[in-house]
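Below: the structure, in structure tokens.
The values are calculated or read from the model by the stated rules, or taken from the named source; none is laboratory data. Here the structure is a predicted model, which means the values were calculated and not measured. Heads up, the Cβs are rebuilt from the backbone with ideal geometry, glycines too, and the neighbour counts pull from every protein chain shown.
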Amino acid sequence: MLFARPHLLGLEGLTAEEIDFLLDSAESFKEVSEREIKKVPALRGRTVVNLFYEASTRTRTSFEIAAKRLSADTINLSASASSAAKGETLTDTARNLAAMRPDAIVVRHPSSGAPDLLARHVDCPIINAGDGAHEHPTQALLDLLTIRERKGRIAGLTVAIVGDVLHSRVARSNLFGLLTMGAKVRFVGPPTLVPPGFSELGAEIVWDLHEGLKDVDVVMMLRIQRERMNGRYFSSLDEYSRLYCLSADAVARARKDVIILHPGPMNRGVEISSTVADGPYSVIMDQVTNGVAVRMAVLYVLVGRRKAGAEQGEGAVPIALAEASPRRAATGE
Ligand code: ASP
């Protein structure tokens, strides 16, 4: 099975086979993080640049740990420290970075489409670590992995994605991934944050929290993205939390074996109560653990195969799973 794309810009348009391939690869990398010495030589001598134009702790750290566990060298560039602050365009920054021959650029940017623009100007793999309200593919992959692990499948499940869907790249990437994998998606939130038109994307729309959680297998909570709001979407945070905060009461509407996800950072008491966040249905810490494995898999699949291709004199020709088994990389074979 192949993942033949040169970049990971989003989950929209990926096939179920491609997503399965990435999830299977991530699963085989999980074992590396359980070892005493958490390192394999898979990307030794490769350089991964983390280019972050937006604040991030979890995602940037997760990519950095993933790259280091594959023995790649990592460089972190944040917007405040970069030439963006001095007026350089993203394309110029990219060209300059590319001239230093990195093997992959992981990019987070407040503008939707920025990773796509980069991909057109550099010749190394670009990995989207979140662009505006567009996509956050590695987040959705780690969510899919967590769901698949806990439920044993994705197809046939009903997943409620709750809260600020309008501004959420996490919701969009998950919608594409979940629908492709055969799940049903329900968007739940106030009409200002879950506009009726979103049903055209293939999700069911429910504006009442208790009704929206009825019989769902998975609840995915979203943070209110105040940094992306340029108007009023609800009268007060207090009112929002009275209507949409995930309490133990609301969870009781879901299936008995429901699991609860949150991409972080959580606003306790706003969209999720502490009782639920720390309760028995929460798989939030599994998501963080799986994030490292998913990012190892994505880096390995995109960068490792370039290495193999280059050594065979084939440029960036994709290689088959049989030749680039993550399990082989994970065991150092
Ligand atoms: N960490 C996620 C993101 O970067 C979710 C969030 O910020 O609320 O999109």
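Below, the figures for the structure above:
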read-out	value
Conditions (1) touching a residue at least 24 places away in the same chain (Cβ under 8 Å); (2) in contact with a strand residue (DSSP E or B) (Cβ under 7 Å, 6 or more places away or on another chain); number of the one not met by Ala42	(2)
Residue within region 132-140 that is part of a strand (DSSP E or B), within 15 Å of the ligand (Cβ to nearest atom), polar (S, T, N, Q) and modelled with pLDDT of 95 or more present	no
Neighbours by Cβ (under 8 Å, 6+ apart or cross-chain): first from region 160-172, farther than 14 Å from Gly132 by Cα; second more than 9 Å from the ligand (Cβ to nearest atom) and among the polar types (S, T, N, Q)	Ile161/Asn174
Some residue of region 269-291 being in contact with a Phe, Trp or Tyr (Cβ under 8 Å, 6 or more places away or on another chain), outside any strand (DSSP E or B) and crowded, with 23+ Cβ neighbours inside 10 Å	yes
Residue that is nearest to Ser282 (Cα to Cα) [pool: residues in region 245-264 that are within 15 Å of the ligand (Cβ to nearest atom) and not in a loop (DSSP other than H, G, I, E, B)]	Leu261
Residue list for region 210-240, filter: of a type in the set (A, V, I, L, M, F, W, C) and over 16 Å from His262 (Cα atoms)	Met229, Phe234, Leu237
Region 145-164, residues that are within 15 Å of the ligand (Cβ to nearest atom), in contact with a Gly (Cβ under 8 Å, 6 or more places away or on another chain) and under 15 Å from Ile260 (Cβ atoms)	Val162, Gly163
Of the criteria (1) more than 24 Å from Ala171 (Cα to Cα); (2) of a type outside the set (Gly, Ala, Ser); (3) surrounded by 22 or more Cβ atoms within 10 Å (Cβ to Cβ), which one Glu34 fails	(3)
Some residue of region 150-159 being under 27 Å from Arg255 (Cα atoms), part of a helix (DSSP H, G or I) and touching a residue at least 40 places away in the same chain (Cβ under 8 Å)	yes
Members of region 165-182 that are out of contact with any Gly (no Cβ under 7 Å at 6 or more places or on another chain) and in a loop (DSSP other than H, G, I, E, B)	Leu166, His167, Ser168, Met181
Conditions (1) out of contact with any strand residue (DSSP E or B) (no Cβ under 9 Å at 6 or more places or on another chain); (2) surrounded by fewer than 19 Cβ atoms within 10 Å (Cβ to Cβ); (3) among the charged types (D, E, K, R): number failed by Arg305	(2)
Test for Val122: is it β-branched (Val, Ile, Thr), surrounded by 16 or more Cβ atoms within 10 Å (Cβ to Cβ) and modelled with pLDDT of 95 or more	no
Region 67-99, subset in contact with a Ser or Thr (Cβ under 9 Å, 6 or more places away or on another chain), closer than 21 Å to Val32 by Cβ and of a type in the set (Gly, Ala, Ser), residue surrounded by the most Cβ atoms within 10 Å (Cβ to Cβ)	Ala67
Qualifying positions in region 135-149 - of a type in the set (Ser, Thr, Tyr) and under 17 Å from Val301 (Cβ atoms)	Thr138
Any chance Arg44 is at pLDDT 95 or above, farther than 13 Å from Tyr300 by Cβ and either surrounded by 22 or more Cβ atoms within 10 Å (Cβ to Cβ) or not aromatic (Phe, Trp, Tyr) (or both)	no
Subset of region 199-240 that is of a type in the set (Ser, Thr, Tyr) and either in a loop (DSSP other than H, G, I, E, B) or within 16 Å of the ligand (Cβ to nearest atom) (or both) - its residue that is surrounded by the most Cβ atoms within 10 Å (Cβ to Cβ)	Tyr240
Answer residue from region 187-198, given it is touching a Leu at 6+ places or on another chain (Cβ under 9 Å) and at negative phi and is surrounded by the most Cβ atoms within 10 Å (Cβ to Cβ) among those	Val188
Test: residue in region 100-115 that is buried (at least 24 other Cβ atoms within 10 Å of the Cβ), small (Gly, Ala, Ser), away from the ligand (no atom under 16 Å from the Cβ) and over 12 Å from the mean Cα position of the chain (by Cα)	yes
